[in-house]
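Novice: Right, I'll just put the structure down here and ask away after.
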Amino acid sequence: MSLENMTHVATIIGVAAAVATFAGALLEYSRSAVLQRIEYFARIKEQFLRDAAFAELTELLETDDPRLAEVSVRDKFRYLYFFEEVALLLKARLIHDKVACYMFGYYALLCDRSQSFWSSSFPKDEAYWLLFFDFVNRMREVERLKNANPRAFVARMRP
């Protein structure tokens, strides 16, 4: 084998190694990004579950308890802001609709359907809660798909 041929073979091997290294780095970066999204999502889910006011609101929403009208406006704002934060994550494509629905959609839909949560002191005015109601509308559609085929819904969830 001539020196020129050996140079070509070495160049081909070097390029192949560089391409393989680059592909491996991209794959690792992609996995790292997914892991970071999952960790962030787990943190906000924990925040939701550990918040005493959210726990009380969620419990009252389960039955549309009339005591919801007595919950402080501050806690209602915080509850809705939480869903708006999830809606922003959806808009930024940091999470997928199905994951957001699986983790938080149920609670947002309960809130939307509640007669007692929304009151004269806290009116259900979509102009003030655009992100919340956008989130609710997206969750309604995802929930419909989930109810149509629950196994397929869970099988197709991705972070």
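The values are calculated or read from the model by the stated rules, or taken from the named source; none is laboratory data. Bear in mind the structure is a predicted one, so any value in this text is a computation, not a measurement. Every residue, glycine among them, receives a Cβ derived from its backbone with ideal geometry; neighbour counts consider all protein chains shown. Each accessible area value is taken on the protein alone, full model and side chains, heavy atoms only, with ligands, DNA and RNA left out. Shrake-Rupley method; radii C 1.70, N 1.55, O 1.52, S 1.80 Å.
Novice: Confirm whether Ile38 is closer than 20 Å to Arg138 by Cα, part of a helix (DSSP H, G or I) and touching a residue at least 24 places away in the same chain (Cβ under 8 Å).
Specialist: no
Novice: Give the stretch 41-56 a look and list any residue that's surrounded by 14 or more Cβ atoms within 10 Å (Cβ to Cβ), free of Cβ contacts under 8 Å to residues at least 60 places away in the same chain and either aromatic (Phe, Trp, Tyr) or not in a loop (DSSP other than H, G, I, E, B) (or both), or say none.
Specialist: Ile44, Phe48, Ala53, Phe54, Glu56
Novice: Residue check: is Glu126 in a helix (DSSP H, G or I) and over 10 Å from the mean Cα position of the chain (by Cα)?
Specialist: Against the criterion (in a helix (DSSP H, G or I) and over 10 Å from the mean Cα position of the chain (by Cα)), Glu126 does not qualify.
Novice: Look at the stretch 77-109 and say how many of its residues are of a type outside the set (Ser, Thr, Tyr) and farther than 21 Å from Leu60 by Cβ.
Specialist: 16
Novice: Quick check on this structure: which one of Ala108, Ala42 is under 18 Å from the mean Cα position of the chain (by Cα) and under 23 Å from Leu145 (Cβ atoms)?
Specialist: Only one candidate passes the filter, namely Ala108.
Novice: Step by step: first the residues of the stretch 45-68, then only those that are basic (Lys, Arg) and under 13 Å from Phe82 (Cβ atoms), then the one that is nearest to the chain's Cα centre (by Cα). Which residue is that?
Specialist: Within the stretch 45-68, the match that is nearest to the chain's Cα centre (by Cα) is Lys45.
Novice: Do you know which residues across the stretch 61-76 are open to solvent by 30 Å² or more (accessible area, probe 1.4 Å), part of a helix (DSSP H, G or I) and closer than 15 Å to Leu109 by Cβ?
Specialist: Glu62
Novice: Give the residue that is farthest from Glu85 (Cα to Cα), with candidates limited to residues of the stretch 3-39 that are modelled with pLDDT under 80 and of a type in the set (Ser, Thr, Tyr).
Specialist: Tyr29
Novice: While we're on this one: Only residues that are out of contact with any Asp or Glu (no Cβ under 9 Å at 6 or more places or on another chain) and not basic (Lys, Arg): list them for the stretch 95-117, please.
Specialist: Those that are out of contact with any Asp or Glu (no Cβ under 9 Å at 6 or more places or on another chain) and not basic (Lys, Arg): Ile95, His96, Val99, Ala100, Tyr102, Met103, Phe104, Tyr107, Ala108, Cys111, Asp112.
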